[in-house]
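The values are calculated or read from the model by the stated rules, or taken from the named source; none is laboratory data. Computed from a predicted model, the values in this text were never measured in an experiment. Here the Cβ is made from the backbone with ideal geometry for all residues, glycine too, and neighbour counts use every protein chain on show. Just so you know, the surface numbers come from the protein's heavy atoms only, side chains and all, with ligands and any DNA or RNA stripped out. Shrake-Rupley method; radii C 1.70, N 1.55, O 1.52, S 1.80 Å.
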Amino acid sequence: PFIDEVTFTCTDEGCSLEAVRVPEVIDAWYDSGSMPFAQYGYPHRNKELFESRYPAQFISEAIDQTRGWFYTLMAVGTLVFDKSSYENVVCLGHILAEDGRKMSKHLGNTLQPIPLMDQHGADAVRWFMAAGGSPWAARRVGHGTIQEVVRKTLLTYWNTIAFQALYARTSDWAPSAADPAPADRTVLDRWLLSELNSLVEGVTSALESYDTQKAGKLL
């Protein structure tokens, strides 16, 4: 209420009235909902740049942004431009401690991401977040869950590559233009190529639908 003590003299020509605060207060989330055009200074500048990037193809935030960012983006965008400012949205669940409680500094059960990556590798953390479960469901995370990704997923990849590399070196083999065309290879080789291309098709389709869990499951 102390701001009501601040007044201004009207600057319009021929006006000597006093300017005071109006009683209406806009929602504090309005600036967040205006982000798609406000960040470019639209409509005063960068008109073409803004129009080439509106609406966004994809946004993602945690579930507590549903009422805030997701809603205000849609409300402001639809009001001003007659369409939502995003086409696809993934609403993420919360990350919980291994015992199921919400992480908080007060409870002392928070995990810093960088030490977690230093210990288990960035790929393990990425895989857990993107493909270790439904992104929109709350998930428990800890050293045990990340280590399971390393053991069950990444080490399987590593061992497969190590096996291939070991026997390729033993046989002095490397891919070359002299390799037979796929149609001339053995049934097992053709089956492997078929599996590979089916996988590429499935993973591409899943990622184009923003379904990282399905992509991970296929891999």
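Can you give the FRET efficiency for Lys217 and Tyr30, using 1/(1 + (r/R0)^6), R0 = 30 Å, r = Cβ-Cβ distance, to the nearest 0.05?
0.15
Return the inverse of the average 1/r over all pairs of distinct C-alpha atoms in region 11-57, which is the Kirkwood hydrodynamic radius, in Å to one decimal.
Here the Kirkwood hydrodynamic radius works out to 13.8 Å.
If you take all C-alpha pairs in region 68-172, what percent of them are over 21 Å apart?
56
Per the Kirkwood definition applied to all pairs of different Cα atoms, how many angstroms is the hydrodynamic radius of region 1-141?
19.3
Amide H to amide H, which residues 5 or more places from Arg140 or on other chains are under 5 Å from it, using H placed in the peptide plane?
Placed amide hydrogens put Leu96 under 5 Å from Arg140.
Which lysines have a Cα lying under 19 Å from the Cα of Lys83, excluding residues fewer than 8 positions away in the same chain?
Lys47
Please check: in the Gaussian network model of the chain (C-alpha springs, under 10 Å), which one of Ala181, Ala131, Ala165 has the largest mean-square fluctuation.
Of Ala181, Ala131, Ala165, the most mobile in the Gaussian network model is Ala181.
Which of rounded, prolate or oblate describes region 152-219 when judged by the alpha-carbon gyration tensor and an a/c cut-off of 1.5?
Verdict is oblate for region 152-219.
Which distance in nm do the two modelled labels at Val20 and Phe81 give, with both placed 7 Å along the Cα-to-Cβ direction?
4.0
Would you work out which of Val20, Thr66, Val150 lies farthest towards the positive end of the dipole of the chain, given +1 charges on the beta-carbon of Lys and Arg and -1 on that of Asp and Glu, about the Cα centre?
Among Val20, Thr66, Val150, the one farthest towards the positive end of the dipole of the chain is Val150.
What FRET efficiency do you get for Glu201 and Leu166 if R0 is 30 Å and r is their Cβ-Cβ distance, rounded to the nearest 0.05?
0.50
So if R0 is 22 Å, what FRET efficiency would Trp191 and Tyr157 give, r being the distance between their Cβ atoms, rounded to the nearest 0.05?
0.65
Any idea what the dipole of region 170-219 comes to, in debye rounded to 20, about its Cα centre with Lys/Arg Cβ at +1 and Asp/Glu Cβ at -1?
So the magnitude is around 180 debye.
Which residue fluctuates most in the GNM of the chain (Cα springs below 10 Å): Phe70, Phe50, Phe163?
Answer for the Gaussian network model of the chain: Phe163.
Once amide H atoms are placed 1.01 Å from N in the peptide plane, what residues at a sequence separation of 5 or more from Ala19, or on another chain, have their amide H within under 5 Å of its amide H?
Phe8, Thr9, Cys10
Calculate, for region 1-159, the solvent-accessible area per residue in square angstrom, rolling a 1.4 angstrom probe over the heavy atoms of the protein chains.
In whole numbers, region 1-159 has 71 Å² accessible per residue.
Restricting attention to the chain, give the cysteines that have no other cysteine Cβ less than 4.7 angstrom from their Cβ.
By the Cβ distance rule, which asks for a partner under 4.7 Å, the isolated cysteines are Cys91.
Tell me the carbon and sulfur percent of the accessible area for the chain, rounded to whole percent, probe radius 1.4 Å.
C and S fraction of accessible area: 58 percent.
Given the options Trp191, Trp69, Trp173, state which has the largest fluctuation in a GNM of the chain using a 10 Å cut-off (strictly under) for Cα springs.
In this elastic network of the chain, the residue with the biggest mean-square fluctuation among Trp191, Trp69, Trp173 is Trp173.
Please sort through the DSSP H helices of the chain and keep those with an alpha-carbon extent of at least 18 Å along the long axis and a Kyte-Doolittle average not below -0.5.
Membrane-span-like by this criterion, though nothing is claimed about a membrane: 155-170, 187-208.
Dipole magnitude of the chain about its Cα centre, charges +1 at Lys/Arg Cβ and -1 at Asp/Glu Cβ only, in debye to the nearest 20?
I would put it at about 1040 debye.
For a label point 7 angstrom out from the Cα of Tyr71 toward its Cβ, which stretches of region 16-30 have the backbone nitrogen within less than 17 Å?
It comes to 25-30, nothing else.
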